[in-house]
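Beneath this line is the structure, given in structure tokens, with notes to follow.
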Amino acid sequence: MSHQVDATDPRVEALHRRMAEHSLGGHWQTRARAPKLEAHMWPWSAIYSCLMESGEVIQLGGIDDAAKRRTVQLVNPALTEQKSTSRTLQMSIQLVKSGERAECHRHTAAALRFVVEGDGTAYTNVEGEQMLMEPGDLVLTPNWTWHDHYNPGKNSIVWLDVLDVHLTTYLDATFHENYGEGPAQPIVKPDGYCRQRLGVVRPRTTTVAGQTLPYSYKWTDTLAALKEIAAADRRDPHDGVLLEYANPITGGPTMPTIGCWIQWLAPGETTKGHRHTSSTIYHVVEGQGVTTVGGSKGVGEGLTWGPRDCFFVPGWKWHHFRNTSKKEPAIIFSVTDRPVLESLGLYREEAE
Ligand code: GTQ
Ligand code: FE2
């Protein structure tokens, strides 16, 4: 026997009214649901042309200005109010032109940069360490670390920013502080300091502080690992050769809230499908292919991608990859909220 609630019954109406007056509600009453997220593609051509136009039109501002950073944000069509890329993460593309400085601050949102374009002369200063940025490098700016960017070179630099700011905001834990002593913190540690101190071959004096530390992963090391492991044919059925940027101290995820991964699809490779509760934002480093998302196993919407395109795969959607080139590998960088789901006991996966 099923019982329906008749919301037009005057007694039910009266109850609902009285409850609302006291800021109360009934489990049987409807409520707004968060929008369902769909896969989405941001072609690099659109991102890049808007970013270059912003370089002409938007003056990089001081620390208190709206344009204290010059970024173009990837906005999920279902999350336009928050201007958010996924429910948890923000991916944006930042431009720092020759001679420009983005002034020093820190925030509780954790951030990272993945370099797309540049001549290796620009740097981010994280907690006093000069981290030179070459294409493919990954630079971590963990929660509450001071950071400023400077481009002393002749050419512009372009990188991806990823922040967990929507998660910190959801938790009412977003805080921000400007550096009080000028536009930039002094450089007190040379480039490479973090790798000398925390790399896998390191001085015995390294102390394990427990918190996430500033770190920079060089592209030469990442690419060498990808090539070696691809040559050894150590592949994941769902992602090709899939490598995690491990936290050098804990061996765990890149940061507590953001996992960074790099994957390699061999020429012509098609992966098997799977789905998991974490969501992922991808950036193609090189190559071309199709990611099929949604529907049931193997059938869904095809996202066709080429170099530098960015795309989003929501949680719990089946997806698989195909490298459409018969000659060239495809390399894809990605960021995921998987560490959050895992640490809360909410990570779940189904696979073909
Ligand atoms: O470069 O410090 O995309 O604070 C968003 C917030 C970049 C940054 C973003 C930030 C930064
Ligand atoms: Fe920042």
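The values are calculated or read from the model by the stated rules, or taken from the named source; none is laboratory data. Keep in mind that what you see is a predicted model, and the values were worked out from it rather than measured. Here the Cβ positions follow ideal geometry from the backbone for every residue, glycine too, while neighbour counts run over all protein chains shown. Areas reflect the complete protein model, heavy atoms only, side chains present, ligands, DNA and RNA absent. Shrake-Rupley method; radii C 1.70, N 1.55, O 1.52, S 1.80 Å.
Here are some residues: F321, F333. Which one is in a strand (DSSP E or B), open to solvent by less than 10 Å² (accessible area, probe 1.4 Å), modelled with pLDDT of 95 or more and in contact with an Asp or Glu (Cβ under 9 Å, 6 or more places away or on another chain)?
Details: F333 fails: in contact with an Asp or Glu (Cβ under 9 Å, 6 or more places away or on another chain).
Of the residues listed, the single one that is in a strand (DSSP E or B), open to solvent by less than 10 Å² (accessible area, probe 1.4 Å), modelled with pLDDT of 95 or more and in contact with an Asp or Glu (Cβ under 9 Å, 6 or more places away or on another chain) is F321.
With the structure loaded, tell me whether E81 is closer than 28 Å to Y282 by Cβ, more than 12 Å from ligand 1 (Cβ to nearest atom) and at pLDDT below 95 or whether it fails that test.
The answer is yes for E81.
When both residues are 6+ apart or on different chains and their Cβ atoms are under 8 Å apart, which pairs have a first residue that lies in segment 54-75 and is away from ligand 2 (no atom under 16 Å from the Cβ), and a second that is of a type in the set (G, A, S)?
G55/S156; I58/A67; Q59/A67; L74/S92; V75/S84
Mind checking whether some residue in segment 88-99 is out of contact with any Phe, Trp or Tyr (no Cβ under 8 Å at 6 or more places or on another chain), within 16 Å of ligand 1 (Cβ to nearest atom) and open to solvent by 60 Å² or more (accessible area, probe 1.4 Å)?
yes
Which of the strands (runs of 3 or more DSSP E) contained wholly in segment 117-230 include at least 1 residues that are closer than 27 Å to L265 by Cα and either within 16 Å of ligand 1 (Cβ to nearest atom) or in contact (Cβ under 8 Å) with a residue 24 or more places away in the chain (or both)?
138-141, 157-163, 215-217
Would it be correct to say that A109 is within 16 Å of ligand 2 (Cβ to nearest atom), modelled with pLDDT of 95 or more, in contact with a helix residue (DSSP H, G or I) (Cβ under 8 Å, 6 or more places away or on another chain) and of a type in the set (G, A, S)?
Yes, satisfied.
Among T71, T85, T124, which is under 18 Å from D309 (Cβ atoms) and either among the hydrophobic types (A, V, I, L, M, F, W, C) or buried (at least 23 other Cβ atoms within 10 Å of the Cβ) (or both)?
Numbers: T71 fails: either among the hydrophobic types (A, V, I, L, M, F, W, C) or buried (at least 23 other Cβ atoms within 10 Å of the Cβ) (or both); T124 fails: under 18 Å from D309 (Cβ atoms).
Exactly one of T71, T85, T124 is under 18 Å from D309 (Cβ atoms) and either among the hydrophobic types (A, V, I, L, M, F, W, C) or buried (at least 23 other Cβ atoms within 10 Å of the Cβ) (or both), namely T85.
Assess whether G302 counts as being in a loop (DSSP other than H, G, I, E, B) and either open to solvent by 30 Å² or more (accessible area, probe 1.4 Å) or of a type in the set (K, R) (or both).
So G302 fails the test.
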